[in-house]
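First up is the structure itself, then whatever we jot down about it.
What follows is calculated from the coordinates using simple rules that are stated; it is not laboratory data. Note that the structure is predicted; figures quoted are calculated from it, not measured. Don't worry about glycine lacking a Cβ; one is built from the backbone with ideal geometry, like all the others, and counts go over all protein chains shown.
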Amino acid sequence: MGNDMQENREQAIAWIGLSEGGYSNNPKDPGGETNFGITARTYAAWNTKTGRPQRSVKNITKSEANEIIGAQYLDPIQFDALPAGIDYLVADYAVNSGPARAMREIQTIVGVAADGVNGLQTLAAIRASDQVQLANAYCDARLKFLRSLKTWKTFGKGWTARVEFARAQALTLIGRAAPAAPVAEASSKGLEADISSAPMVAKITAQAGAGAAALGTVSAALRELPETATTLLVGGAVLAGLLALAAWLYRRART
């Protein structure tokens, strides 16, 4: 593995760790008991596979979690073969919602068979795409999927922050935008099995639409920032103001 690939891999795992946070056991989270992004079920299966003694996911080490993320989520999506930026977006989606779901999403966007496997045809289509447009379309599609889940009302704010953080970091790698502030809160799993029924989707979409639109406007504004030295100097202040505006608009839309 080349140095650039290794650096991208390590950076992606670090960002995923920021988004996942530490231990959580929210009864509304379909992933159940989770620590550093690894569910208790995944940890138990990993210990069985590797011949290690079983223990609580509360006691998982950061290095163990990173090892599992690499083997269970990055390797199945062919992380090292993906273009910079897109690699991290697919990896973050994979950890949050499963590798197959993450791959089917991007396959649908680039127009190849959505079989959940990153083969030669999928890689060629991804590499041939405009990377900025693909990154934005992928993040938008991911948010659309998350809004379809029954737990959107509970976890939607955190999921939105996570996706927008991933979008900004990916665009940084692609070379089009300034980096975003990290998401420090623990993130729940957005699993496909948790997709809501049609009536629930309609209800949730109606409740979240205005707030999501406001966040989308801010995200679009971030993506349009020019690449100048002045922007780099004031980017932190601009970003803080835009995020504060998004939070105010989101709260206003929900009242």
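Remarks
- Label sites at residue 4 and residue 41, each approximated as a point 7 angstrom past Cα along Cα to Cβ, lie 3.9 nm apart.
- Cut-off 11 Å, label 7 Å out along Cα→Cβ of residue 81, residues of region 114-136 by amide N: 117-125
- Separation in nanometres of the label points that stand 7 Å from Cα toward Cβ, at residue 172 and residue 50: 2.8 nm
- Of 28/144; 58/153; 28/58, pairs whose Cα-Cα distance is over 23 Å: 58/153
- Kirkwood hydrodynamic radius computed over region 3-193 comes to 16.7 Å, based on all pairs of distinct alpha carbons.
- Extension gain (nm, one decimal) between residue 113 and residue 28, 0.36 nm per residue minus Cα-Cα: 27.3 nm
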